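For reference, the structure discussed in these notes is given below.
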Amino acid sequence: MLPVNRPHLLFAHGWAFGPSFWDPLRAELAGYPSSTVDLGFFGPESLELPDGPFVAVGHSLGVAWLLRHASPPMNALVSLGGFGRFSVPAGPTRAMRRGLSRDAQAVLRAFHQACGLTPGQYPFLDAARPDRLAQGLDWLLDWDETGTLANFSKPLLALAALDDAVVPETLTRLSFPGGHAGPGNGHPALLADGGHAFPATRARQCARIMLPFLETL
């Protein structure tokens, strides 16, 4: 049974996606009021936070964005393939950044394929903003919110996919070693598959794990 006073969910997508990334998961969590931020990779950004308390739900870079820009007001965090710092070898990210100026759509198609998506699932690539996408890659290279995450004392749920080719299991466990207060306790829950885009490709499984956590808030 869903709680009477359901928390507002604020969704923040990752690099090379937009608010529509969340459509499958928002449909599974339709009993909860929700809104999204738009980091502006395919159109104007929309970064407004809710006026009242909210639970932040981030994917990948979206988690780092939330930690950087919304940590004080959010009263809980759900990390889906997220991290405080993208502490993987920087070479591929830098190569993608160089490639954006030559053929942004080719970079995006290759990335989406690496995320476990099939061609055509994201038909809006012709609206890509290469400069904003490059800025997003700079965020991945430069941002370090490990301290913010380590000091986050509110309820935290971390979920990842074992076959994620972008955020490997080692990075997930490094980012979320456990020990946080509240429901979820910071220890990551792991899906067997779903790729980096698992919040969309495995939306029902994500919702099944998220709902018991949300019902305690």
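The values are calculated or read from the model by the stated rules, or taken from the named source; none is laboratory data. Only a predicted model underlies this, so the values are computations on that prediction, with no experimental measurement involved. Glycine gets a Cβ as well: all are built from the backbone with ideal geometry, and neighbour counts include every protein chain shown.
Inside segment 30-62, residues that are touching a residue at least 60 places away in the same chain (Cβ under 8 Å), surrounded by 20 or more Cβ atoms within 10 Å (Cβ to Cβ) and over 15 Å from Met210 (Cα atoms) make up a count of 5.
Residues in segment 122-142 that are within 14 Å of Phe21 (Cα to Cα) and touching a helix residue (DSSP H, G or I) at 6+ places or on another chain (Cβ under 7 Å): 2 in all. Checking each residue in segment 13-48 for being over 23 Å from Arg109 (Cβ atoms) and in contact with a Ser or Thr (Cβ under 9 Å, 6 or more places away or on another chain) picks out Arg26, Thr36, Val37, Ser46, Glu48. Filtered by the rule that a residue be among the acidic types (Asp, Glu), loosely packed, with under 15 Cβ neighbours inside 10 Å and closer than 15 Å to Val63 by Cβ, segment 114-171 gives a lone residue, Asp144. A Cβ distance below 6 Å, combined with a sequence gap of six or more or placement on separate chains, defines the contacts here; from segment 130-154, residues that are more than 16 Å from Gly91 (Cα to Cα) reach residues that are of a type in the set (Ser, Thr, Tyr) and surrounded by fewer than 17 Cβ atoms within 10 Å (Cβ to Cβ) in the pairs Thr148/Ser71. Being surrounded by 13 or more Cβ atoms within 10 Å (Cβ to Cβ) and modelled with pLDDT under 95 is the requirement here; does Pro24 meet it? Judged against the criteria, Pro24 is not a match.
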